[in-house]
Amino acid sequence: MESQKTSVLYALKQQLRAIRLLHRICPGYFPTLFLYCLTAALSPYATVYCSARILSELAGARQAAALWTWAAITVAVIGLLQILKALFCQRKDTLLDDLFDRKDILFVRKMFSMDYASLEDREIQDLRAQLQQNEGWSGWGLMRTPQIFEEGVQAVIGICSGIALTVPLFLQPVPDSAGGLTLLNHPVFILLLAAVLLGISALGGRWESRVLHGWSSVRAEATFGNRVFGFFGFIGLHTGRAADMRIYGQQRLVDAYWNGNSVFGCDGPVAAAMAKARAGIYAGLSQAIFAVLTGLIYVFVCLKAWGGAFDIGAVTQYVGAVTALAMNVYGVWVRVGEMRTNCGYLDQTFQFLDLPNAMYQGSLTTEKRSDRQYEVEFRHVSFRYPGSENWALQDVSLKFEIGKRLAIVGENGSGKTTFIKLLCRLYDPQEGQILLNGIDIRKYSYRDYMQIFSVVFQDFQLLSQSLGSNVAGTLEYDRARVRRALEDAGLGERLQTMPQGLDTQLYKDFAENGVEISGGEAQKIAIARALYKNAPFIILDEPTAALDPIAEADIYSRFNEIAGDRTAIYISHRLSSCKFCDEIAVFDQGHIVQRGSHEALLQDSSGLYRRLWDAQAQYYVTESHGSDSRQGSMVPPP
Ligand code: ADP
């Protein structure tokens, strides 16, 4: 992901933004990490410095008192640094785990706040998946930043400490008595050593970066490989698929796919890319060049010591300090390369987090009306889905009569669900207006506007939480009201058999004693959730599709009573379910083609409603001859 144009400054700016974001989630992490880096970077230099002092004493004056003092200082300083380092290390690791856990909050919040249309946008979905895969494949992106910070800060502190310990190497001259070796006192050696050190470290760092870049260049193949592995590696565990796999012998297909997509194999694209980048050669070279550098440092320092510039203790100090200095300069180069590579991944992350939220900016509050007199009107509304050529709804005008029951019927794809999605402002129409009490719904605060709707969508979702929390949407709730909502939705008897009543956990994802519920039961819970919200509008989109005919008949026969003074909207393609409604709107290819009561619509023998009714009546009559007598109860009068 490293682009030739990524400047170091820009890469640094992006990492700093990542650090600021992560710092907001877990404020303790970076300060602790910094303290850890400080102790970790100082430790080796402290060791080098103290042991040099002891060696010098041993090789020089050999005074027992001085030796004892240095030994005590060494133990105290190194001991203290190590203890602090271990403590900070433990703490920063704990905080990092916490950060890993919670950094997804950033993405979850974004998903909740972004325009609904963006959620369905294929490119945005791909972008989110890509971010996750980048992280899964090699930790690139937001969570690479702490690592770069840790290694970068250690390297910078290391360079400062290294320079401090190296300065005397040049300040202590070889005495004149050493003859030709006095040449080493010439200032050009300072420049020469600095140039060799910087040059070799930089070269090593660049080679190492090439290896990193080589890895990063196969990102697309590797993330695909991970996806294949994630899917096919665990496919047998998925009970929903395991039965099909056994019955149709799909293992063969899985094997073929697996074998044909061996991304990480020796003959696969990852290995090929690494060979092309000569990753092994560069990794080896970058190590080898350090052996050369260490050799040169030894030669220079030992020659100065040979000439009498300093003693044996100082030799250890200078060799240790200059080698560590070189390693840290090398470290900074590697980090710069890593930062530039990571910059591309961060660009993607910020592209996602910066997606504009254009839709939900209205600020008008809806009136809190105890009389529930909310009047909603569609006025010449037309809508097509983003990226689609076809109108899903065209010139739809409809006014909801307060407290009435409206049914929306029509064949699949006629626009029923789209109509509800517009009503709930999941999308905005391209033409026409939707009005609440005469004001365009775009002007209202979205949160406020949503308060007036309870919707049971076809593809509703329950959470792996307690039954009561699912219904109430909160952890604390009015238990009596939740129980009543469940009873009204027809789950009363089942509730009696639940081991912990309202506290029973749904599903087994997070609780061993969680309860698996059937599709019909889930639908009843979703209906109870809509009832508990007690909003002025209740909307049921094919609410009974998963219910058996008896449960369906039961819900419908009682729904009038349950819905009370709410305005209720039912969507169904089972016409028999809707005949009790005050008004029925018949949708066809995005238009409302008929409106009226069930009886009135049946009168129109050439109308779509009549045709649909006849077709379904025929189906039910045929079915009722079958063995399941319950089907008979659903037969509408011909
Ligand atoms: P119904 O609820 O009556 O079955 P929908 O409202 O779901 O119909 O669909 C109306 C039309 O809009 C159909 O042609 C469908 O293919 C199209 N459509 C539905 N959802 C989307 C979407 N997310 N993106 C593009 N087209 C869609």
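Can you give the local net charge around Ile235? Use residues other than it whose beta-carbon is closer than 15 angstrom to its beta-carbon, Lys and Arg +1, Asp and Glu -1. Intermediate results must be reported in sequence, preceding the final value.
Working: positive: Arg227, Arg241, Arg246, Arg252; negative: Asp244, Asp255.
In short, +2.
What FRET efficiency comes out for the pair Arg447/Asp604, r = Cβ-Cβ distance, R0 = 51 Å, nearest 0.05? Could you put the intermediate results ahead of the total?
Details: r = 42 Å, r/R0 = 0.83.
The pair Arg447/Asp604 has a calculated efficiency of 0.75.
For segment 1-138, what D do you get in µm² per second when you plug the Kirkwood radius from alpha-carbon pairs into Stokes-Einstein at 20 °C and 1.002 mPa s?
Details: Rh = 19.4 Å.
Calculated translational D: 110 µm²/s.
Taking every protein chain into account, the accessible area of the chain amounts to 51 square angstrom per residue (probe 1.4 Å).
Give a quick list of GluC sites (Glu not before Pro) in segment 463-547 that DSSP marks as loop, anything other than H, G, I, E or B, with at most 10 other Cβ atoms within 10 Å.
Working: sites: Glu476, Glu487, Glu493, Glu512, Glu516, Glu521; in loops: Glu476, Glu512, Glu516.
Filter output for segment 463-547: Glu476, Glu512, Glu516.
Computed over every Cα-Cα pair of segment 426-518 and binned at 5 Å starting from 0, the pair-distance distribution P(r) comes out as 2, 11, 18, 19, 14, 9, 10, 8, 7, 2, 0 percent.
For the chain, what is the mean residue ellipticity at 222 nm derived from helices alone (per DSSP H run of n ≥ 4: -39500 (n - 2.57); sum divided by total residues; nearest 500 deg cm²/dmol)? Working shown, then result.
Details: 24 runs with 380 residues, N = 638.
Value at 222 nm, helices only: -19500 deg cm²/dmol.
Listed values for segment 405-419 are Karplus-derived 3J(HN,Hα) couplings in whole Hz (6.51 cos²θ - 1.76 cosθ + 1.60, θ = phi - 60°), namely 9, 10, 10, 10, 10, x, 6, 4, x, 7, x, 5, 5, 4, 4, and x replaces Gly and Pro. Taking the protein heavy atoms of the chain in the context of the full set of protein chains, the accessible area attributed to carbon and sulfur is 57 percent at 1.4 Å. Shown here for segment 51-158: chymotrypsin sites (Phe, Trp or Tyr not before Pro) in loop regions (DSSP other than H, G, I, E, B) with at most 10 other Cβ atoms within 10 Å, of which there are none.
Once the piece of chain linking Glu493 and Leu183 is laid out straight, how much longer is it, given 0.36 nm per residue of separation minus the C-alpha distance between them?
Working: separation 310, 0.36 × 310 = 111.60 nm, distance 9.89 nm.
Result: 101.7 nm gained on full extension.
Could you grab the relative contact order for segment 171-319? Cα pairs under 8 Å, six or more apart, rounded to a whole percent.
On the way: 108 pairs, mean separation 59.1, N = 149.
Relative contact order comes out at 40 percent.
Straightening the chain between Tyr477 and Ala129 buys 121.7 nm, computed as 0.36 nm per residue apart minus the Cα-Cα spacing. Annotation for segment 251-322: trypsin sites (Lys or Arg not before Pro) lying in DSSP loop with at most 16 further Cβ atoms inside 10 Å of their Cβ are Arg278.
Take the Cα of Ser388, go 7 Å toward its beta carbon, and the backbone nitrogen atoms of segment 575-617 under 18 Å from that spot belong to 587-593. For segment 454-459, the Karplus equation 6.51 cos²θ - 1.76 cosθ + 1.60, evaluated at θ = phi - 60°, returns couplings of 10, 10, 10, 6, 4, 9 Hz by residue, with Gly and Pro reported as x.
Nearest-5 percent of antiparallel DSSP beta bridges in the chain?
Numbers: 17 of 38 bridges.
Antiparallel bridges: around 45 percent, rounded to the nearest 5.
Label-to-label distance, Ser262 versus Gln351, with points set 7 angstrom from Cα along the beta-carbon direction: 3.4 nm.
In terms of overall dimensions, segment 561-621 has a Cα radius of gyration and Dmax of 12.2, 35 angstrom. At an R0 of 51 angstrom, the distance between the Cβ atoms of Phe510 and Leu303 translates into a FRET efficiency of 0.15.
Give me the extension gain from Leu9 to Glu120: residue separation times 0.36 nm, minus the current Cα-Cα distance, reported in nm with one decimal. Show your work: numbers first, answer last.
Working: separation 111, 0.36 × 111 = 39.96 nm, distance 3.54 nm.
Length gained between Leu9 and Glu120: 36.4 nm.
Converting the Cα gyration tensor eigenvalues of segment 256-391 into ellipsoid dimensions via √(5λ) gives semi-axes, longest first, of 66, 28, 11 Å. For the pair Gln458 and Gln82, label points projected 7 Å from Cα toward Cβ lie 6.8 nm apart. Between Ala272 and Thr47, the C-beta separation translates, for a Förster distance of 45 Å, into a calculated FRET efficiency of about 0.55. The modelled label-to-label distance between Ala71 and Ala59, using points 7 Å beyond Cα along the C-beta direction, is 2.0 nm.
Mean sequence separation of contacting Cα pairs (under 8 Å, at least six apart), scaled by the length of segment 311-426, corresponds to a relative contact order of 14 percent. Each semi-axis of the equivalent ellipsoid for the chain is √(5λ) with λ an eigenvalue of the Cα gyration tensor; in descending order they amount to 73, 26, 25 Å. Across the alpha-carbon set of segment 400-441, the Rg to Rh ratio works out to 0.99, Rh being the Kirkwood radius.
Just need the relative contact order of the chain here, percent rounded to a whole number, with Cα pairs under 8 Å and 6+ apart. Write out the running numbers ahead of the final one.
Working: 878 pairs, mean separation 93.2, N = 638.
15 percent.
The values are calculated or read from the model by the stated rules, or taken from the named source; none is laboratory data. Quick caveat: nothing in here was measured; it's all calculated off a predicted structure. Please note: Cβ atoms are built from the backbone with ideal geometry, for glycine as well, and neighbour counts cover all protein chains shown. Areas reflect the complete protein model, heavy atoms only, side chains present, ligands, DNA and RNA absent. Shrake-Rupley method; radii C 1.70, N 1.55, O 1.52, S 1.80 Å.
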